[in-house]
Each structure stands twice: as structure tokens, then as C-alpha cells.
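The values are calculated or read from the model by the stated rules, or taken from the named source; none is laboratory data. All of these numbers come straight from a predicted model, not from anything done at the bench. Glycine also receives a Cβ, built like all others from the backbone with ideal geometry; neighbour counts cover every protein chain displayed.
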Amino acid sequence: MKVCAICTKTGLEVSIVGDIKATKDELNRIATQKLHRMKEKKNPKPLESTRGIIV
């Protein structure tokens, strides 16, 4: 199953392909973590919260 996560502030988008048997929460968590990692790569400041993220 493919899941995309988009930062509403920056427009940065990432996607993952997960196991169809995984729960929605697990897939959302993984996609959100990937988005955080990508944001840190582009701007190495620590993230304050997950607000502004759509999964």
C-alpha cells in the first residue's frame, strides 16, 4: 500500500510503500517519520511538533 505525507508549510512530500497487512496507524507513523527525516536533511533544526503535516 502506498502512503504519502505532505508538509503543509513547505509543500515537501514523501511516500512509502508498506505492507497491506499493516494498520493505518503504523503506515501513518512510518510516513510521518520519513517526512521528519527529510525535513531535517533540508533544514537541520530540531522539529517542534507534527502540526502542519497531512498523512
Near pairs, Cβ below 9 angstrom, 6+ apart or cross-chain, from region 1-12 (under 13 Å from residue 37 (Cα atoms) and charged (D, E, K, R)) to any residue that is modelled with pLDDT under 95 and part of a loop (DSSP other than H, G, I, E, B): none
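Take the residues in region 1-44 that are among the acidic types (Asp, Glu) and surrounded by 11 or more Cβ atoms within 10 Å (Cβ to Cβ), then tell me which one is nearest to the chain's Cα centre (by Cα).
So the residue we want is 13.
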